[in-house]
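**Student:** Here you go, one structure.
The values are calculated or read from the model by the stated rules, or taken from the named source; none is laboratory data. Values in this document were obtained by computation on a predicted structure and should not be read as measured data. Positions of Cβ are generated from backbone atoms using ideal geometry, with glycine treated the same way; all protein chains shown enter the neighbour counts.
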Amino acid sequence: MAGNEITVKDLVQMINSVMGQRVLTEQQMEQILAGAKRAHDRGGMNAVLEYLMKVTRADVDFKELKQFADSIRADPSLGMDILQGKKKVPRKKK
C-alpha cells in the first residue's frame, strides 16, 4: 500500500469521527465502495455521485456535490483535511 492511501477501517473511523457518532461500519463501507466502483464502470463520476446520493439519502443539490467533488479532485489533501477535522466542508452562501 502506498504512503498516502488509507485503509477502509481508517476511513470509517474518520467518517464516524466527523459525524460525531457511529454511522458506518467497515462492512457497510466495503459495500458502498463496491457499488461506487460498479457505478463508475457504468457511467463515470456522475454515476458515482448519483449512487452515493442514493445510498446515503443525502439531501444535497447534485450540482453542489459535483462542485465539491471537483474541488477534492483538484486538491485531494483537502478531502483528507476535512476527514481528519483539520478543515470544515466549504459551504456555499445562499
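**Student:** From the list G43, G79, pick out the single residue that is surrounded by 12 or more Cβ atoms within 10 Å (Cβ to Cβ) and at pLDDT 90 or above. Steps first, answer last, please.
**Tutor:** On the way: G79 fails: at pLDDT 90 or above.
So the residue among G43, G79 that is surrounded by 12 or more Cβ atoms within 10 Å (Cβ to Cβ) and at pLDDT 90 or above is G43.
**Student:** Criterion first (at pLDDT below 90, of a type in the set (G, A, S) and not in a helix (DSSP H, G or I)) does A58 satisfy it?
**Tutor:** yes
**Student:** Could you list, in sequence order, all residues of the stretch 46-76 that are surrounded by 11 or more Cβ atoms within 10 Å (Cβ to Cβ) and of a type in the set (A, V, I, L, M)?
**Tutor:** Matches in the stretch 46-76: A47, V48, L49, L52, M53, V55, A58, V60, L65, A69, I72.
**Student:** Which ones in the stretch 44-94 are among the small types (G, A, S), farther than 23 Å from Q21 by Cα and more than 12 Å from the chain's Cα centre (by Cα)?
**Tutor:** Passing the criteria: G44, A47, S71, A74, S77.
**Student:** Looking only at residues in the stretch 11-25 that are assigned to a helix (DSSP H, G or I) and either surrounded by fewer than 13 Cβ atoms within 10 Å (Cβ to Cβ) or hydroxyl-bearing (S, T, Y) (or both), which one is modelled with the highest pLDDT?
**Tutor:** The residue in question is S17.
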